[in-house]
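A.B. asks: If you scroll down you'll find the structure; I have some questions about it.
FYI, it's all coordinate maths here, none of it is from the lab. If you're wondering where the values come from, they're calculated on a predicted model, not measured in any experiment. FYI the Cβ positions are ideal-geometry reconstructions off the backbone, even for glycines, and counts take in every protein chain you see.
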Amino acid sequence: MELLDKLAECIELGKTDKNFPHPPHLTGKDGARELTNQALEEGVHPGDILKKSLMVGMNRIGEKFAEGKAFIPNLLISAKAMYAAMEYLKPYFDTGEVQHKGKMVIGTVAGDMHDIGKNIVKMVLEGDGWKVIDLGTNVSAEKFLEAVDENKSKVVGLSALLTTTMMNMEAIIKTIKSHDKSVKIFVGGAPLSSEYADKIGSDGYFPDPHGFQKYLNNLTSAA
Ligand code: B12
């Protein structure tokens, strides 16, 4: 089996490292940590590891969950394996740049605990020289507003993974915009779309961090 396929399987099945006892058929075999390290050593591009392997594994477990073939503990161990792999990728996204291009506030909206995607966006932007103020998960409109004020940030990123919690984005956008119209607010997360982003008054939707990063770099006023 190809290295990236093996790694995707480890994410899907939640095999964090060699010593992790689950799943039984992979006992004693390399896990997400070892395989990510090996892929990097073999010169596989970190972006490819993320897109062609880690996210593939995450999507597979998500599909199984949707079909009733996997359960919450499965999602949790997959998330744990994903984080173990991301630790190895982080230095590659980190340019060590001291001068910040600008700053932004990011968070997963109220009611939502999913943070893997939001953390990837943060990792990519930080690696590109942005200062990212991460408010974590389950973030209320008031908390977003407070952070925008405190940090004098003109850019905000909202993440949501649930069709129920993406509804909370509109109120958050309204709260921030009614306080300061010039703050640009972008949204992302699997259930979002450009149409929905427009409807709730956001300044844009990006399905992945790289398009977002490109766009932000043109927004010089955010610095
Ligand atoms: C892992 C996971 C969990 C973990 C989360 C762990 C964690 N620390 O994040 C746990 C177990 C906690 C969990 C819980 C639940 N989950 Co869940 N979960 C998932 C799963 C499998 C993967 C999500 C993920 O991390 N994807 C990988 C990341 C990298 O992708 P991403 O988040 O989309 O992010 C990318 C882009 O969207 C974008 N992006 C993301 N945010 C932003 C923000 C900005 C500003 C920008 C520009 C871009 C951007 O960039 C990222 C990188 O490319 C998905 C299935 C799936 N395939 O998505 C279900 C899924 C999201 N969960 C689901 C459900 C139902 C739940 C629960 C309600 C289950 C329950 N009955 O309790 C709870 C809800 C808890 C809560 N209140 O939030 C459903 C949602 C259905 C829906 N339509 O609403 C899904 C789709 C599974 C399914 N198919 O049914 N879950």
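A.B. asks: Which pairs break 28 Å Cα to Cα here: Lys29/Lys131; Lys29/Lys214; Lys51/Lys80? Show your work: numbers first, answer last.
C.D. replies: Details: Lys29/Lys131 38 Å; Lys29/Lys214 39 Å; Lys51/Lys80 17 Å.
The pairs that break the limit, which is 28 Å between Cα atoms, are Lys29/Lys131; Lys29/Lys214.
A.B. asks: Using modelled amide H (1.01 Å from N, peptide plane; none on Pro or chain starts), what sits under 5 Å from the amide H of Lys184, excluding residues fewer than 5 places away?
C.D. replies: Close amide H contacts, sequence-distant or interchain: Val155, Val156.
A.B. asks: Kindly write out, for segment 112-128 in residue order, the coupling ³J(HN,Hα) from the Karplus curve 6.51 cos²θ - 1.76 cosθ + 1.60 (θ = phi - 60°), rounded to whole Hz, with x marking Gly and Pro.
C.D. replies: 10, 9, 6, 10, 5, x, 4, 5, 5, 4, 4, 4, 5, 5, 4, x, 8
A.B. asks: Expressed as an acute angle from 0 to 90° and rounded to the nearest 10, what is the orientation of the C-alpha long axis of helix 3-13 relative to the principal long axis of the chain?
C.D. replies: Its long axis makes an angle of about 80 degrees.
A.B. asks: Next up: Can you sort Val44, Val132, Val139 so the residue with the fewest Cβ neighbours within 10 Å comes first?
C.D. replies: Ranked by crowding around the Cβ, least crowded first: Val44, Val132, Val139.
A.B. asks: Next question. Which loop GluC sites (Glu not before Pro) in segment 59-98, with loop taken from DSSP, have no more than 14 other Cβ atoms within 10 angstrom of their Cβ?
C.D. replies: Passing both the DSSP loop test and the Cβ count: Glu67, Glu97.
A.B. asks: Which of Met113, Met86 comes first, and how do the rest follow, when ranked by fewest Cβ neighbours within 10 Å? Write out the running numbers ahead of the final one.
C.D. replies: On the way: Met113 11, Met86 20.
Listed from fewest to most nearby Cβ atoms, that is Met113, Met86.
A.B. asks: Still on this structure: Treating cross-link reach as a plain straight distance, find the lysines whose alpha-carbon is under 22 Å from the alpha-carbon of Lys174, omitting any fewer than eight places away in the same chain.
C.D. replies: Once the sequence-local lysines are set aside, what remains near Lys174 is Lys103, Lys118, Lys143, Lys152, Lys154, Lys184, Lys199.
A.B. asks: Next up: In whole angstrom, how far apart do the alpha carbon centroids of segment 33-51 and segment 183-198 sit?
C.D. replies: 30 Å
A.B. asks: I'd like the projected area of segment 166-223, averaged over all directions, using the convex hull of its alpha carbons. Report it in nm² with one decimal. Before the final figure, lay out the partial values.
C.D. replies: Numbers: hull surface 16.1 nm².
Answer in nm², one decimal: 4.0.
A.B. asks: Here is a follow-up. Can you list the HN-Hα couplings for segment 136-144, worked out from phi with the Karplus curve (6.51, -1.76, 1.60; θ = phi - 60°), rounded to whole Hz and with x for Gly and Pro?
C.D. replies: My calculation for segment 136-144 gives x, 10, 6, 9, 7, 4, 4, 5, 4 Hz in order.
A.B. asks: At a 10 Å Cβ-Cβ cut-off, how would you order Val155, Val187, fewest neighbours first?
C.D. replies: Ranking Val155, Val187 by Cβ neighbours within 10 Å, fewest first, gives Val155, Val187.
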